[in-house]
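Report on the following structure.
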Amino acid sequence: MSRSRPRLLALAVGVATAAVAAPLALAAPAQATPEDGQFTVTALKFTVDAGGTSCTVDADLYRPAGVDADHTAPAVLTTNGFGGSKADGSTDATAKAFAERGYVALAYSGLGFGKTGCPISLDDPRIDGKAASGLIDFLAGTRAADDGTTADFVTKDGSGDPRVGMIGGSYGGAVQMATASQDQRVDALVPMITWHDLAYSLDPNNTARTTPTGVSSDTPGAYKYQWTNGFFLIGEAQGLLNPSLDPSRLGGAGCLHFVSGACETKRLLDQKRYPADRTAEMLAFARGASPVSYLRTVKAPTLLVQGQADSLFNLNEATATYKTLKAQGTETKMIWQSWGHSGGITDPAAGELNLGEGNLETSYVGKRILAWFDRYLQKEQSTDTGPGFAYYRDWQPGQDAYATARKPPALSQELYLSGDGKLVDNRAKVARGSREYRNWLIPTSHSESSLAGMIGLPDPAPRDTKGTYLDWTSEPLAEATDVVGAPEATLKVVSPKTERVQNSGDAADKLVLFAKLYDIAPDGSKTLVHRLVAPVRVPDVTRKFTVTLPGIVHRYEKGHRLQFVVAASDDAYYGNKGVKPVTVTHTPADTGVLRLPVVR
């Protein structure tokens with residue numbers, strides 16, 4: 001190998017790490033430093049049980065001045081996003097921000113990252129959650145750090161029960177729910193921009209949902225290979241990023257730094273095949289490491305914060321978590337902020353939460369987080385934690401950017417797919433007709449380059465190639481129309497070639513399509529809102545199916561037109577196996593229906 005190749009690999013890994021860790025790689029607040037005497041920082045190591053394996057966890061303890069055994073304070077536990085560590089900008093900034101506000105903060109590098117041992121296990125509650133529970137033992141004063149340091153200055157609700165909340169985003173978001181499922185001592189959670197079901201996140205199928213309020217489907221979807229490969233590269237490159245790794249970091253099943261289940265799942269996805277037995281194993285592993293499998297045991301009050309600009313973990317995932325927690329009686333509220341993995345992370349919109357500026361007290365989301373911890377950690381029972389649901393409106397800047405409601409809006413408006421390519425508001429207006437599209441052996445539609453939005457790289461405008469998609473367009477809108485939530489479409493397609501092979505036992509033989517919504521301005525320019533699409537692997541082309549599109553918050557201005565598109569492919573995903581022509585037929589009595597959650 002030439003001497004330049006390791007340097008090039010290190011550069012590539014560095015760029016990818018910046019991309020995936022970007023949600024939490026924010027500059028530290030400029031409000032205070034340890035030298036100001038407001039808090040001290042102590043580096044600690046903990047040897048903890050991680051599901052039967054011992055892991056050494058690298059952490060920093062932030063202790064506010066004046067906090068001691070006679071003057072205790074609640075604690076906040078925080079950890080990094082994927083590819084980060086306790087020292088990355090936002091993990092460190094979060095700990096500092098809460099230490100400045102009188103909380104004891106413990107920031108740690110998650111398993112498999114920084115200088116913490118054990119392989120990457122994707123926030124598995126039985127591993128990552130169990131390890132975090134060992135850190136809570138330290139905050140409870142029932143165990144010491146490896147150097148003998150103890151904590152007798154954290155407020156307790158009982159013997160061995162510290163008052164502790166958790167906050168973090170993305171990979172540092174799911175671990176909160178994993179920890180709370182293992183340890184009922186956790187008092188409050190603030191998971192940001194994280195997942196509900198990794199099977200949906202990385203291989204989404206937006207039809208045939210296993211539950212009406214969830215995102216999961218037992219039919220695998222379209223492999224989100226760009227995002228997945230970015231994560232995999234970062235995980236496997238940990239040896240380059242962190243020399244002299246603990247031997248416990250070695251992975252299994254041929255991977256350097258991932259547990260065997262993650263390695264085998266990645267290998268299956270790369271093969272573009274879904275034999276029934278292997279698919280069942282993949283779904284079981286992905287869901288075992290996801291809140292969808294253990295939310296029933298999460299009782300800690302949870303403030304969910306999800307990003308509207310996020311093609312990795314979209315708003316539907318937070319909504320599924322929210323509805324599950326609400327249904328079981330767990331205190332839960334949800335905020336849809338402007339930024340997520342796909343844009344605005346390092347430069348949020350004016351007035352939005354930006355830990356780099358330390359604007360907890362001045363941003364809407366920041367104030368909601370502080371109120372959440374005031375209520376559940378400071379036990380200030382009179383604190384108003386805000387409405388059940390709030391969402392950011394980019395067309396309403398300033399102090400009025402957020403609208404609120406008791407819960408997410410329901411589907412309230414129907415449009416019908418007409419044979420002449422129109423979207424009409426009355427079934428009687430549907431024109432009879434049939435149209436066909438077919439996929440090529442290469443992708444012919446573009447929605448996004450998945451990592452581009454995170455690191456500020458240019459990304460070509462969304463496009464679709466003639467003959468490989470169908471569209472239906474409304475008349476110009478008579479008034480501004482606000483869509484808040486996840487639209488749905490009920491469709492019926494005809495694909496004889498698919499019908500002949502769809503029951504082969506390999507789900508890869510089933511039809512794949514991509515549904516999406518455009519906003520067409522009067523000048524003809526088109527916007528794919530946040531570049532979001534809904535991949536679908538149709539379980540049975542002989543039956544109607546319902547597609548749940550990604551949740552959006554978008555105003556279609558007066559005079560604009562709404563366009564619904566079904567495309568044969570998307571270059572951010574693996575799609576159809578072979579060429580599968582598709583025909584869509586319309587009659588007034590039997591046609592596709594698009595349903596929108598419109599806020600009046």
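Laboratory data are not the source of any read-out in this text; all were calculated from the coordinates shown. As the structure is a computational prediction, the values presented were derived from the model and not from experiment. For neighbour counting, all protein chains shown are included, and Cβ atoms are generated from backbone atoms with ideal geometry for every residue, glycine included.
For the stretch 505-575, with the dipole built from +1 on Lys and Arg beta-carbon atoms and -1 on Asp and Glu ones, taken about the Cα centre, which of Thr548, Tyr573, Leu513 lies farthest toward the positive end? Value computed over the given set: Thr548. Between the amide H of Val76 and those of Val104, Ala105, Leu106, Gly165, distances stay under 5 Å, these residues lying 5 or more places away or on another chain, with hydrogens modeled in the peptide plane. Along the positive direction of the dipole of the stretch 205-269 (beta-carbon charges: Lys, Arg +1; Asp, Glu -1; about the Cα centre), which of Asn229, Gly214, Gly251 reaches farthest? Of the listed residues, the answer is Gly214.
Each peptide in 582-589, 319-326 was scored by the mean count of other Cβ atoms within 10 Å over its residues; highest first, the order is 319-326, 582-589.
For the chain, with the dipole built from +1 on Lys and Arg beta-carbon atoms and -1 on Asp and Glu ones, taken about the Cα centre, which of Leu44, Leu268, Ala140 lies farthest toward the positive end? Highest projection toward the positive end goes to Leu268.
Excluding same-chain neighbours fewer than eight residues apart, the lysines reachable from Lys367 by a Cα-Cα span under 26 Å are Lys86, Lys96, Lys156, Lys299, Lys323, Lys326, Lys333, Lys379, Lys407. Charge dipole (Cα centre; +1 on Lys/Arg Cβ, -1 on Asp/Glu Cβ; no other charges) of the chain amounts to roughly 2060 debye. If R0 equals 41 Å, the separation of the Cβ atoms of Glu557 and Asn503 corresponds to a calculated FRET efficiency of about 0.35. About the centre of its Cα atoms, the stretch 205-269 shows a dipole size close to 140 debye [charges on the beta carbon of Lys, Arg (+1) and Asp, Glu (-1) only; nearest 20 debye]. Summing charges over neighbours of His257, with a neighbour being any other residue whose Cβ is under 9 Å away from its Cβ, gives 0 when K and R count +1 and D and E count -1.
Listed by chain and number, the aspartates and glutamates whose alpha-carbon sits under 18 Å from that of Lys429, ignoring those within fewer than 8 places in the same chain, are Glu414, Asp420, Asp471, Glu475, Asp590. Our summary gives the stretch 462-585 a relative contact order of 43 percent, counting only alpha carbon pairs under 8 angstrom and 6 or more residues apart. For Thr302, neighbours were defined as the other residues whose beta-carbon sits under 13 Å from its Cβ, and their charges (Lys and Arg +1, Asp and Glu -1) total +4. Under a model in which nothing but the beta-carbon of Lys, Arg (+1) and Asp, Glu (-1) is charged, the stretch 413-599 shows a dipole of about 560 debye around its Cα centre.
For the peptides 109-116, 403-410, the ranking by mean Cβ contacts within 10 Å, running from highest to lowest, is 109-116, 403-410. When the trypsin sites (Lys or Arg not before Pro) in the stretch 526-562 are filtered for DSSP coil states and for at most 10 other beta-carbon atoms within 10 Å of their beta-carbon, the remaining sites are Arg543.
Report note on the peptides 335-345, 236-246: ranked by the mean count of other C-beta atoms within 10 Å, highest first, their order is 335-345, 236-246.
Annotation: lysines with alpha-carbon distance below 22 angstrom to Lys577 (same-chain offsets under eight excluded): Lys224, Lys266, Lys272, Lys466, Lys492, Lys497, Lys510, Lys516, Lys544.
Across the chain, C-alpha contacts under 8 Å between residues 6 or more apart give a mean separation that, scaled by the residue count, equals a relative contact order of 14 percent.
The residues neighbouring Arg185, those whose beta-carbon lies less than 10 Å from its own, together hold a net charge of -3 under the Lys/Arg +1, Asp/Glu -1 convention.
Only helical runs count toward this figure. For the chain, summing -39,500 (n - 2.57) over DSSP H runs of n ≥ 4 and dividing by all residues gives -6500 deg cm²/dmol at 222 nm.
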